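Notes follow the structure.
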Amino acid sequence: MEITPPIPWFQRVRRWGQTNLTESDARDYDFDFWRNYWRETKIGGVIVNAGGIVAYYPSRFALHNRAQFLGERDLFGEITALAREENLAVLARMDSNRASQAFFETHPDWFCRDQSGAPIVAGGRYVSCVNGPYYREWIPQILAEIIERSAPDGFADNSWSGLGRGTICYCQNCRDWAELPEKADWDDPIYRAWIEKNYARRLEIWDEFNTLTKRLGGAHCLWLGMVCADPLDNCGTFRSMREIAQRTPFLLLDAQWRTANGPFARNATAGKRWHELGGWDWPIAESMAQYQGNSPTFRRTAQNAPEARLWMQSGFAGNLRPWWHHVGAAQGDKRQFQTPPAVFSWHAQHEDLLKNREPIADVAVLWSQRNLDLHGREQARERVLAPNTGVCDALMRARIPFLPLHVEDLATQLARFRVLVLPEIGVLSAENCKTVRDWVEQGGGLVASGEVARREENGDWQGEFGLADVLGIAATAQNEGILSGADVGWEAAQRHSYLQIKAPSHLVFDGLEDTDILPFGGVLTGAKPNGAQVLATYLPPFPIYPPETAWFQSPPNSLPAVFAHGFGAGRSIYFAADIDRSYARDALPDHAKLLANAVRFAAQSAMPLEVSGAGLLDCHLFRQENRLILHLVNEQNAAPSPLHELVAVGPLEIKVRRDILPEIELSQARFLVGETCHRIREDSDWWKFSVEKILDHEVVVLEATP
């Protein structure tokens, strides 16, 4: 008889919990409370502090600093034993990137140095060098000791990747390891080589630690370094998102809260970005803080309940597994414990509908860390990340489902989509350009912006657009505007520019019929038509103050700002005007309309989902076997941040295109939050149903009547 192997813990556990221990918890930990809280939140695994900066067990290594009040007690072992009684998986939390002064004085050659030779200190502790014995010898000893004592299922390492890109380490270990640049200079081949070696070293750490933990703890004893949701944060810490996704069966995502006044939808986008790298059945758990995380951060008071709920529910829409996170086992603010039970219980009740499903989207938004590094350079957030954010936010507002597509997956995945968006993708190889060119020629739709495909794979400038023929344009040297992520002053003339509409009947201007001009205020990339139609031109800035001077004092020039072009069976829109970047900065409704209309024009057909009705919603459509699952997250109250209260949106009318599941007759819409069921209305092209209101989120299952 063949025996079925047990399901690995990282596939089995759907919900996680973490009490990030403080040193006082060695004295104050309440075992009965936490056992009951684990049960109430229906978690299957816990993350428990073990070692690194602070040890929560009596380590045999004198330099492994024990928590104050620990004495000879093994708090990590005691919590692990309790978790085993509850049949919970246990990850041993590590924080391995820095140490105390006593440690530094014992091993001064294990730590980072600046160019003058002085040690680098952060948070009052000495930063350890990833190329020295601290990572190569010390941490492996600690991992081995923890496995020997308590046999955790795996490890969760917090700040594992060492010193970030913002500071170059000049210790002897690094000098022996690579030729070091004198300073950050993207035109310096030594600096670029140093960047590449640092990415490779972090992958070596990942592989070396996993080899060790699996050898000592078993095939499923994983070492897991925490990763970020923001691609630029991963660039700054040399964490290659695609390479990490390809080498681990489970991911720990550190995205505990939203940025100030940003939409909750960015959490779902983060989940989609990682799942497109690792697969949609790939388990990703996300740390979701229950303490006040928005700026300013207060680790010991509760996150407002509506804020915490929507962040978690947006994560569900991105296929993220929830993971509550508290700092400290004893809390003066008991409100921290009120939000997770209901949210996690709902997740547990419906977990079968939140897994084993594939997203449905016609639109892909291209991205890569290489583009952030080699094109964004010292202005990566403004130059590259902001255009990507602007596109994603505009598509969310337009209720157009989309997926982030990594540049290395173009050749294998592009055929899934009808529209490809290239928001300031400066680095695009000749092979990638050919893939896009062939796809558009066969009927694909392209929306591009800025200096698209003007850098070679190594980051060198090549001048002409790599997709010039597809876009019907040619480069010129006449750029306008100033790249800035900050407001340059309300009197600043350089922000007071406009666009002149030249083709008012074009679909890209749908909803803008009563104006000849549009606000701009951004950067214009020099381009001229080479077969493309010019849809709008640039109106140069003029004084905003005093009001008497606020008129178009110079004759309008003919610098093109928006282009449309047909290429083979496909079509394209090119924004020389950085509408995507401008929308991320200014959130002007006109810019959101332009971006959404450009995507609709490029698609040459209806989107798979249409939602009408007032309110801001984030919409995600999935297929699971013979049913469709639609997530609708209420974004209407996202500002100010943190969210103070929930206000419902609705009523809404929903249309789902029938040809996305042509072989099945769907007849009912089952509401998982509202706990109601309605008949689906249909015509030849659409399944239709209504939603009366949504308070925080709704998940609708479209299926055949049982």
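Of 265, 302, all but one fail to be in contact (Cβ under 8 Å) with a residue 24 or more places away in the chain, more than 18 Å from the chain's Cα centre (by Cα) and over 24 Å from residue 169 (Cβ atoms); the exception is 302.
Could you please find all residues in the range 303-341 being in a loop (DSSP other than H, G, I, E, B), at pLDDT below 95 and surrounded by 24 or more Cβ atoms within 10 Å (Cβ to Cβ)? Result: 303, single match. A count restricted to the range 87-100 and to residues that are surrounded by fewer than 23 Cβ atoms within 10 Å (Cβ to Cβ), closer than 19 Å to residue 130 by Cα and modelled with pLDDT of 95 or more stands at 0. Would you tally the residues in the range 614-642 being buried (at least 20 other Cβ atoms within 10 Å of the Cβ) and either among the basic types (Lys, Arg) or under 19 Å from residue 403 (Cβ atoms) (or both)? Of the residues in that region, 13 qualify. Only residues that are more than 26 Å from residue 700 (Cα to Cα) and either of a type in the set (A, V, I, L, M) or assigned to a loop (DSSP other than H, G, I, E, B) (or both) were counted across the range 580-598, and they come to 7.
Scanning for something modelled with pLDDT under 95 and not basic (Lys, Arg), does the range 436-454 turn up at least one residue?
Of the residues in the range 436-454, the ones modelled with pLDDT under 95 are none.
No; the residues of the range 436-454 include none that is modelled with pLDDT under 95 and not basic (Lys, Arg).
When you go through (1) open to solvent by 20 Å² or more (accessible area, probe 1.4 Å); (2) part of a loop (DSSP other than H, G, I, E, B) one by one for residue 659, which number turns out not to apply? So residue 659 meets the others, but not (2). When residues in the range 579-595 are screened for being under 22 Å from the mean Cα position of the chain (by Cα), buried (at least 22 other Cβ atoms within 10 Å of the Cβ) and not small (Gly, Ala, Ser), 5 of them pass.
Taking the range 135-157 as the range and being open to solvent by 40 Å² or more (accessible area, probe 1.4 Å) and within 17 Å of residue 202 (Cβ to Cβ) as the test, only 136 passes. Counting only strands (runs of 3 or more DSSP E) that sit wholly inside the range 605-656, those with at least 2 residues that are under 12 Å from residue 698 (Cα atoms) and not hydroxyl-bearing (Ser, Thr, Tyr) are 617-624, 627-634. Selection within the range 596-605: residues that are open to solvent by less than 40 Å² (accessible area, probe 1.4 Å) and in contact with a Lys or Arg (Cβ under 9 Å, 6 or more places away or on another chain). The member of this set that is nearest to residue 658 (Cα to Cα) is 603.
Listed by position, the helices (runs of 4 or more DSSP H) contained in the range 157-256 that have at least 2 residues being under 30 Å from residue 293 (Cβ atoms) and out of contact with any Lys or Arg (no Cβ under 7 Å at 6 or more places or on another chain) are 189-217, 231-236, 241-245. Taking the criterion of being among the aliphatic types (A, V, I, L, M) and open to solvent by less than 10 Å² (accessible area, probe 1.4 Å), would at least one residue in the range 256-268 satisfy it? Yes, the range 256-268 has at least one match. Within the set 43, 47, 7, the sole residue that is within 30 Å of residue 282 (Cβ to Cβ) and modelled with pLDDT under 95 turns out to be 7.
Inspection of the range 67-75 identifies no residue that is within 27 Å of residue 213 (Cα to Cα) and touching a Gly at 6+ places or on another chain (Cβ under 9 Å). Scanning the range 429-462 for residues that are touching a strand residue (DSSP E or B) at 6+ places or on another chain (Cβ under 6 Å) and assigned to a loop (DSSP other than H, G, I, E, B) gives 443, 444, 452.
Report yes if some residue within the range 26-38 is within 22 Å of residue 129 (Cα to Cα), open to solvent by less than 20 Å² (accessible area, probe 1.4 Å) and in contact with a strand residue (DSSP E or B) (Cβ under 7 Å, 6 or more places away or on another chain); otherwise report no. Checking the range 26-38: not a single residue is within 22 Å of residue 129 (Cα to Cα), open to solvent by less than 20 Å² (accessible area, probe 1.4 Å) and in contact with a strand residue (DSSP E or B) (Cβ under 7 Å, 6 or more places away or on another chain).
Of the residues making up the range 539-547, at least one is open to solvent by less than 10 Å² (accessible area, probe 1.4 Å) and over 24 Å from residue 420 (Cβ atoms).
The values are calculated or read from the model by the stated rules, or taken from the named source; none is laboratory data. Every value quoted in this text rests on a predicted model; they were computed, and no experiment measured them. As a convention, Cβ positions derive from the backbone with ideal geometry for all residues, glycine included, and neighbour counts pool all protein chains shown. Remember, those area values only see protein heavy atoms, side chains included, never the ligands or the DNA or RNA. Shrake-Rupley method; radii C 1.70, N 1.55, O 1.52, S 1.80 Å.
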